[in-house]
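The structure appears below as structure tokens.
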Amino acid sequence: MTNSILKIFILSIALSYVIKYGGRFLPVSGTVVAALVGVLTLPVLMAIALGWRWQQNKL
């Protein structure tokens with residue numbers, strides 16, 4: 001349990017570092033499409049992962 005929390009914490013720190021210092025090299029225009037992609041990507045990926053997991057448990 002503690003090991004998985006530590007992994008998530010380390011990945012979170014790494015992602016924050018990449019976003020803070022590497023984000024300026026990835027220019028993104030401020031459009032509605034870019035905002036929707038940024039907002040909806042994670043929920044869609046989570047829905048796919050949870051649906052796949054539910055399907056695996058159902059069998």
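The values are calculated or read from the model by the stated rules, or taken from the named source; none is laboratory data. Owing to the predicted nature of the structure, the values given are computational and were not obtained by experimental measurement. All Cβ positions, even for glycine, are placed from backbone atoms using ideal geometry, and neighbour counts span all protein chains on display. Please note that ligands, DNA and RNA were not included when accessible areas were found on the heavy atoms of the full protein model with its side chains. Shrake-Rupley method; radii C 1.70, N 1.55, O 1.52, S 1.80 Å.
Annotations
- Applying a threshold of 7 Å to beta carbon distances and a minimum spacing of six or more residues, or different chains, the list of pairs starting in the stretch 26-53 at a residue that is free of Cβ contacts under 8 Å to residues at least 60 places away in the same chain and ending at one that is part of a helix (DSSP H, G or I) and surrounded by 10 or more Cβ atoms within 10 Å (Cβ to Cβ) reads 28/34.
- Test: residue in the stretch 39-53 that is open to solvent by less than 100 Å² (accessible area, probe 1.4 Å) and not in a helix (DSSP H, G or I): no
- Filtering the stretch 1-19 to residues that are at pLDDT 90 or above and open to solvent by 100 Å² or more (accessible area, probe 1.4 Å) leaves 7, 8, 9, 11, 15, 17.
- Residue, nearest to the chain's Cα centre (by Cα), within the stretch 23-38, restricted to residues that are surrounded by 10 or more Cβ atoms within 10 Å (Cβ to Cβ) and assigned to a helix (DSSP H, G or I): 38
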